[in-house]
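The values are calculated or read from the model by the stated rules, or taken from the named source; none is laboratory data. Since this is a predicted model, take the numbers as computed values, not measurements. Cβ: placed from backbone, ideal geometry, glycine included. Neighbour counts: every protein chain shown. Areas reflect the complete protein model, heavy atoms only, side chains present, ligands, DNA and RNA absent. Shrake-Rupley method; radii C 1.70, N 1.55, O 1.52, S 1.80 Å.
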Amino acid sequence: MMHRLSLSHLPPGHFCTYMHHELTSREPDDLHDHDFHELFWVEESEGVHWINGHQVTVRSGDLVLIRAPDAHGFSISGKGGPLRIVNFAFHARVWTHIRQRYFNGAPIFFSAPSLTARSYTLDEYQLAAIRQAASLLRSGLRDRLQAESFLLNVLALLKADRFNAGLKAAPAWLREACTAIGTNRNFAGGMPALARLAGRSPEHIAREFRRHLNRTPTDIINDARMSHAADRLATSDEDIVAIALDCGLENLGHFYRLFHARYGSTPRAYRLQQRAVVPPGRRRGRAA
């Protein structure tokens with residue numbers, strides 16, 4: 001029998017739950033949908049994840065993102081002992097905020113329609129990183145800060161994992177172009193420089209980047225530009241306009257928008273924040 005779960009019972013100020021489950025039923029256990037999002041990962045054994053009318057085998061290391069309308073439950077497979085999972089559930093508005101701020105509303109992670117796009121297999125090092133990120137949740141801190149902090153840690157790991165997997169499967173020319181575009185003399189040249197490095201047309205590059213990395217060439221170029229800008233802001237006294245020009249961006253307003261989208265602050269605010277953690281001896285460049 002299907003039923004709906006809610007987080008309306010949470011104490012004031014709590015935005016999430018964090019629980020370990022040990023499942024032993026050979027039939028779909030506790031089929032439900034929700035008014036919240038959740039993720040789970042398998043700590044031990046093998047089982048069946050019943051979701052939206054499908055049966056998917058899950059094993060140790062599998063991590064799945066679940067949307068509010070997804071109807072799902074679990075059963076054991078009979079090939080091992082109890083299925084042990086960890087579940088993190090949180091108010092849907094937490095994801096709405098993170099999606100808009102960090103992903104420009106893109107249909108990714110919890111907003112991806114395909115279950116395949118929301119399923120990952122992690123190694124022991126990645127699982128250890130997620131367990132460490134959950135340490136404060138385990139201690140009972142479940143406010144919005146901890147909910148968002150844990151979720152951002154997980155999403156950053158998943159984004160890097162999927163990008164790296166796509167990069168490994170990509171043709172050699174694409175991998176080499178991605179590496180080369182990370183240097184200042186190349187990313188400053190934008191798309192023409194990338195086309196030269198790849199030895200392909202911009203149209204072909206765009207198709208292959210989307211197919212293998214699910215990103216545009218401009219995304220990759222701007223990531224390299226903003227990483228360089230952040231490093232210069234933190235470790236030098238260079239004028240912000242000079243840093244923007246060094247990144248190959250003559251439009252200062254565009255530079256500010258890209259930087260804010262990546263780091264959530266203005267370049268000046270970012271520099272001031274970093275002054276507290278970057279020793280003066282590491283700073284370089286001309287005086288402001």
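The table below lists the values:
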| read-out | value |
| --- | --- |
| Flag for ALA117 being among the small types (Gly, Ala, Ser) and either more than 17 Å from the chain's Cα centre (by Cα) or open to solvent by 10 Å² or more (accessible area, probe 1.4 Å) (or both) | yes |
| Yes/no for ALA234 being touching a Leu at 6+ places or on another chain (Cβ under 6 Å), touching a residue at least 24 places away in the same chain (Cβ under 8 Å) and closer than 20 Å to CYS247 by Cα | no |
| Strands (runs of 3 or more DSSP E) contained in the range 1-108 and holding at least 2 residues touching a Phe, Trp or Tyr at 6+ places or on another chain (Cβ under 6 Å), closer than 23 Å to ARG138 by Cβ and touching a residue at least 40 places away in the same chain (Cβ under 8 Å) | 16-23, 36-44, 62-66, 83-91 |
| Filter result (part of a helix (DSSP H, G or I) and open to solvent by 50 Å² or more (accessible area, probe 1.4 Å)) within the range 195-222 | ARG196, LEU197, PRO202, GLU203, HIS204, ARG207, ARG210, ARG211, THR218, ASP219 |
| Scan of the range 253-288 for residues that are at pLDDT 80 or above, surrounded by 13 or more Cβ atoms within 10 Å (Cβ to Cβ) and either of a type in the set (A, V, I, L, M, F, W, C) or in contact with a Cys (Cβ under 8 Å, 6 or more places away or on another chain) (or both), ordered by number | PHE255, LEU258, PHE259, ALA261, ALA269 |
| Filter pass, ARG225 being assigned to a helix (DSSP H, G or I), of a type in the set (Lys, Arg) and within 27 Å of VAL42 (Cβ to Cβ) | no |
| Residues of the range 237-252 satisfying the condition of being farther than 27 Å from ALA156 by Cα and either among the small types (Gly, Ala, Ser) or not in a helix (DSSP H, G or I) (or both) | ASP237, GLU238, ASP239, ALA242, GLU250, ASN251 |
| Checklist (1) farther than 18 Å from GLU38 by Cβ; (2) touching a strand residue (DSSP E or B) at 6+ places or on another chain (Cβ under 6 Å) applied to ASN87, failing item | (1) |
| Which listed residue, of GLU44, GLU27, GLU22, is among the acidic types (Asp, Glu), modelled with pLDDT under 95, open to solvent by 60 Å² or more (accessible area, probe 1.4 Å) and out of contact with any Leu (no Cβ under 8 Å at 6 or more places or on another chain) | GLU27 |
| Near pairs, Cβ below 6 angstrom, 6+ apart or cross-chain, from the range 195-217 (without any contact (Cβ under 8 Å) to a residue 24 or more places away in the chain) to any residue that is small (Gly, Ala, Ser) | LEU197/ALA177; LEU197/ALA180; PRO202/ALA195 |
